[in-house]
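What follows is a single structure, written as structure tokens, with notes after it.
Just so it is clear, none of the values below were taken in a lab; they were calculated from the coordinates. Being a predicted model, the structure only gives us computed values, none of them experimental. Because the Cβ atoms are built from the backbone with ideal geometry, glycine has one as well, and the counts that use them run over all protein chains shown.
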Amino acid sequence: MIASIVARFRAHPVATALELGSVCVCVFLFVATVGLLATGPPRGSGEPWLVLVGIGAFFVVFWTALVPLYDRLL
């Protein structure tokens with residue numbers, strides 16, 4: 001499994017880095033959401049929730065706008 005990831009990275013370094021980074025972001029968003037849900041409803045300004053939503057929104061914009069633009073420019 002690791003050898004196939006290394007071979008894929010050598011063949012397509014940018015695409016592999018984007019995919020592995022995306023997996024890491026998804027895992028982080030899931031763990032952070034569960035962690036914030038465990039603390040109860042937001043109190044006060046709800047800054048942790050706003051940060052989590054901001055990271056998720058940036059992730060969506062990244063894959064829907066920036067990655068296709070990068071692909072077209074190559």
Compute the distance in nm between two label points, each set 7 Å from the Cα along the Cα-to-Cβ direction, one at residue 23 and one at residue 60. 2.4
In degrees, nearest 10, the alpha-carbon axis of helix 2-11 is tilted away from the dominant principal axis of the alpha carbons of the chain by 70
Listed highest first by mean packing, meaning other Cβ atoms within 10 Å per residue, what order do 33-40, 18-25 come in? 18-25, 33-40
Direction-averaged shadow area of the convex hull around the Cα atoms of the range 2-73, nm²? 6.2
Estimate the FRET efficiency between residue 74 and residue 4 by the formula 1/(1 + (r/R0)^6), using the beta-carbon distance for r and 22 Å for R0, to the nearest 0.05. 0.40
Just to confirm the number: angle between the C-alpha axis of helix 47-61 and the first principal axis of the chain, 0 to 90 degrees, nearest 10? 30
